[in-house]
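Everything on this sheet refers to the single structure shown next.
The values are calculated or read from the model by the stated rules, or taken from the named source; none is laboratory data. Just so it is clear, the model here is predicted, and its values are computed rather than measured. Cβ placement follows ideal geometry from the backbone for every residue including glycine, while neighbour counts extend to all protein chains displayed.
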Amino acid sequence: MNTAYNALVVPARITQPVRIEPVNTDMAALQKLLAGNIESITGADWHVYLNEQGHPMPSNIRAEVLIREAGINLQEAFNGTAIFLGHGRYVQELDAPRHLIRLAEQLFDLPLAT
C-alpha cells in the first residue's frame, strides 16, 4: 500500500524553503520527520501534522499564517515543521490540495508548482 503523498512542507526556520515533497505518512515516518509525537489540525479538505510538544522548537510563523488564512481561527502558537496534506472521505490521506498550495504561494511569494 502506498503511504507516500505530496505534502506541503512548511519548516519553522525562515532560512529553509517552503516546498512540496513526497512524505511517507505512516506513523513512524511522521514522528521521525516531526521529531516526536504528532498532533493534527483539520480543515475542510486538508490537515496539518505538527510536533505535539512544540517547545523548544522554533516558532513556525508561516504555518500559523497559512492555517489562519485557510480558515482555521486558532489562538495557539505553532512550533517546528508543519506537514500539510489533503484528506478525502473516510479520512484517507491525499496529496496537499491545490488551493492550499496556491494560498501558500500567494502568502509567501513562492512558486511551488508541482
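Data table
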read-out: Qualifying positions in the stretch 7-58 - of a type in the set (S, T, N, Q) and either under 16 Å from GLN92 (Cβ atoms) or buried (at least 18 other Cβ atoms within 10 Å of the Cβ) (or both); value: ASN24, THR25, SER40, THR42, ASN51
read-out: Residues satisfying the stated conditions in the stretch 70-93, i.e. exposed (fewer than 14 other Cβ atoms within 10 Å of the Cβ) and at pLDDT 95 or above; value: none
